[in-house]
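The values are calculated or read from the model by the stated rules, or taken from the named source; none is laboratory data. The model shown is predicted, which means the values in this text are computed figures rather than measured ones. For neighbour counting, all protein chains shown are included, and Cβ atoms are generated from backbone atoms with ideal geometry for every residue, glycine included. Only protein heavy atoms, including side chains, enter the accessible area calculation; ligands, DNA and RNA are left aside. Shrake-Rupley method; radii C 1.70, N 1.55, O 1.52, S 1.80 Å.
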Amino acid sequence: MCTVSCSPNFSQPWQMHQQTKCTATGFVVSPLGQRRILTNAHAVANQVSVKVRKHGSAQRYTARVLAVGHEVRF
């Protein structure tokens, strides 16, 4: 998973910080036949774009973030 994110600038709210790239791992979960990817929240926080690819493949697919849970702890 490759994520491009841009965090807010709280001291100057009309501007954003510089975009950064993040590479993370995740795994596929399939509730009721729906393919979803579960990954860490910090990997997709403030995301601008998310691309995923299968291990060993060069093909990338655009992904959509459905939810982010920063407060979840185990």
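Carbon and sulfur: what percent of the chain's accessible surface (1.4 Å probe)? Summing carbon and sulfur atoms, their accessible area is 53 percent of the total for the chain.
For the chain, the per residue solvent-accessible surface stands at 86 Å², with DNA, RNA and ligands left out and a 1.4 Å probe. Estimated from helices alone, the mean residue ellipticity of the chain at 222 nm is -1000 deg cm²/dmol (sum of -39500 (n - 2.57) over DSSP H runs with n ≥ 4, per residue). Rounded to the nearest whole Hz, the Karplus-based 3J(HN,Hα) values (6.51 cos²θ - 1.76 cosθ + 1.60, θ = phi - 60°) of the stretch 17-34 follow the sequence 6, 5, 5, 10, 10, 9, 10, 9, 10, x, 9, 7, 10, 10, x, 6, x, 8, with x at glycine and proline. Principal axis extents of the C-alpha atoms in the chain (largest first, rounded to whole Å): 43, 32, 19. Grab the other residues whose beta carbon is less than 10 angstrom from that of CYS2, score K and R as +1, D and E as -1, and report the net. Net charge around CYS2: +4.
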